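Just so it is clear, none of the values below were taken in a lab; they were calculated from the coordinates. These numbers were taken from a predicted model, which means no experiment stands behind them. Heads up, the Cβs are rebuilt from the backbone with ideal geometry, glycines too, and the neighbour counts pull from every protein chain shown.
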Amino acid sequence: MNTKVKILGTGSSAPDQVITNFDLEKMVDTTDEWITTRTGIKERRIAKEGESTSTFALLAAQRALRVARVSPEELDLIIVATVTPDMLFPATACLLQRELKASQAASFDLEAGCTGFVYGLSLAEKYLRGGGGERALVVGAETLSKIVDWQDRSTCVLFGDGAGAAVLGLSEEEGIIATYLGSDGGGAHLLELPAGCSRMPASPDTINGRLHYIKMNGNEVFKFAVKIMEEASREVIKKSGIAMDEIDLFIPHQANIRIINSAAKRLGIPEERVFVNVHKYGNTSSASVPLALDEAYQDGRIKSGDLILLVGFGAGLTWGSALIRW
């Protein structure tokens with residue numbers, strides 16, 4: 001009996017429209033040097049009018065299914081991790097199921113901030129191992145440009161749009177070795193979108209107060225991120241019984257190059273084993289880790305048998321990690 005779960009294929013998608021730091025210089029009081037020095041971001045992809053989260057989720061999912069050689073009809077579960085669904089309901093996962101014609105798949109959205117994909121990966125793995133089915137699709141997809149305040153120079157420089165997907169399946173081979181998840185609602189106020197739901201419904205006051213946009217305490221989130229990236233990585237390594245120096249590639253949430261470098265240094269992971277694409281996409285929230293995973297594979301940075309460490313952190317506050325044998 002197959003009791004292991006393996007990633008069978010990955011895919012990714014990003015908008016064609018690119019906004020560079022020099023473009024942002026014309027929009028808000030900032031400079032390319034300031035953004036690059038503090039974040040490592042040089043450009044980000046931004047959805048065009050008419051494009052939504054499901055646009056990129058569909059493209060990433062189709063590519064992952066092709067690589068995995070799995071048909072949509074074979075899927076038993078679809079999870080879409082996102083903080084920018086097409087609408088509050090129905091779930092973007094259901095819209096994706098419809099477009100894929102994955103008629104046998106249970107479908108739902110998962111909201112765990114930038115850690116969403118890692119949360120989804122962990123849940124899907126346990127669902128399959130628990131007898132829920134044989135194939136699952138996990139997608140992280142965002143159009144953060146829709147909720148970014150383009151007048152707020154402290155946040156608008158950080159975020160971008162895109163999607164990444166992974167097809168999971170039961171296997172006799174080792175795949176997802178261990179996962180670790182955590183959260184702390186005490187830090188919920190550090191990164192939030194205040195208005196638009198039941199606590200603060202849309203009104204002239206919320207619109208005039210610009211409360212339908214991302215609000216972030218950057219300094220506190222930075223301190224939290226540096227600490228929790230190390231902690232989450234060490235916890236999943238401890239669960240697996242594998243040594244840190246056995247990791248072939250470290251793929252962290254792509255939020256800020258200083259956070260990535262600090263985490264890698266604390267963990268003792270050399271630069272050549274760290275995958276970075278934050279300079280091209282910015283922070284794409286739940287899309288960040290799967291987009292980087294797929295790009296690393298496409299770039300030849302991952303080969304069969306490699307040990308891959310994924311780690312993320314995000315609004316909630318949430319954090320999570322996964323150790324994978326490719």
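Label separation (S103 vs D205): 5.1 nm, computed from points 7 Å beyond Cα along the C-beta direction.
Cβ-to-Cβ counts within 10 Å put H253, H212 in ascending order as H212, H253, the fewest first. Between D306 and E271, the simple label model (points 7 Å from Cα in the Cβ direction) yields a spacing of 1.9 nm. Take the Cα of D245, step 7 Å toward its Cβ, do the same at E33, and the gap between the two points is 4.1 nm. Mean sequence separation of contacting Cα pairs (under 8 Å, at least six apart), scaled by the length of region 4-175, corresponds to a relative contact order of 36 percent.
Sorted ascending by nearby beta carbons within 10 Å, beginning with the fewest, E272, E125, E134 become E272, E134, E125.
Within the chain, helices built from complete DSSP H runs that reach 30 Å or longer along their own axis (Cα positions) and carry a mean Kyte-Doolittle hydropathy of -0.5 or higher are 218-240. In region 4-175, taking the dipole from charged Cβ atoms about the Cα centre, the farthest positive-side position among P85, L158, P72 is held by P72. Exposure proxy ranking for M27, M229, based on other Cβ atoms within 10 angstrom of each Cβ and starting from the fewest, stands as M27, M229. Grouping the Cα pair distances of the chain into 20 Å bins from zero gives a pair-distance distribution of 35, 59, 7 percent in increasing distance order.
Averaging the Cα positions of each part gives two centres, and for region 1-68 and region 194-235 these lie 20 Å apart. The calculated 222 nm mean residue ellipticity attributable to helices in the chain amounts to -9500 deg cm²/dmol, summing -39500 (n - 2.57) over DSSP H runs of n ≥ 4 and dividing by all residues. Per residue, the Cα convex hull of region 178-325 amounts to 121 Å³. In this structure, the residue pairs whose Cα-Cα separation is over 26 Å, taken from K126/K223; K239/K265; K48/K126; K6/K146, are K126/K223; K48/K126; K6/K146.
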